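First up is the structure itself, then whatever we jot down about it.
The values are calculated or read from the model by the stated rules, or taken from the named source; none is laboratory data. It should be emphasised that the depicted structure is a prediction, and the values quoted were computed from it without experimental measurement. Virtual Cβ from ideal backbone geometry, glycine too; neighbours counted across all protein chains shown. Heavy atoms of the whole protein, side chains included, go into the accessibility calculation; ligands, DNA and RNA do not. Shrake-Rupley method; radii C 1.70, N 1.55, O 1.52, S 1.80 Å.
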Amino acid sequence: MPKERVTITLSEESASALRKLADAGQIESVSSYVAEAVEDRLSRQERAARIISRWATEAEEQAPTDWADAVEWARRTAHKDEAARGAA
């Protein structure tokens, strides 16, 4: 897979700890460590999205009216939150 250079910002403590691990040979490199952590996080996020989607499908199939009411409530609530953020 092609790679792309990006710049990230870490706390001084985290950056120092990662450099020490790399210097001691405990990790391949700071870059590979961060890349692995990002891939792990993205994978967990994708799994969570699939689980939520499956639950939503089951809820909609089991109680379509309740599902429609819940979706409408969520839309109204989200719009109120957006309006409140815009006013701040």
Neighbours by Cβ (under 7 Å, 6+ apart or cross-chain): first from the stretch 27-47, farther than 17 Å from Met1 by Cβ; second open to solvent by 100 Å² or more (accessible area, probe 1.4 Å) and at pLDDT 95 or above:
Ile27/Tyr33; Val30/Arg19
Scan the stretch 1-18 residue by residue and report those that are of a type in the set (A, V, I, L, M, F, W, C), closer than 13 Å to Ala35 by Cβ and open to solvent by 60 Å² or more (accessible area, probe 1.4 Å).
Met1, Val6, Ile8
Which ones in the stretch 46-84 are exposed (fewer than 10 other Cβ atoms within 10 Å of the Cβ) and of a type in the set (S, T, N, Q)?
Gln62, Thr65
Going by what's in this entry, would Leu21 be described as surrounded by 10 or more Cβ atoms within 10 Å (Cβ to Cβ) and under 24 Å from the mean Cα position of the chain (by Cα)?
no
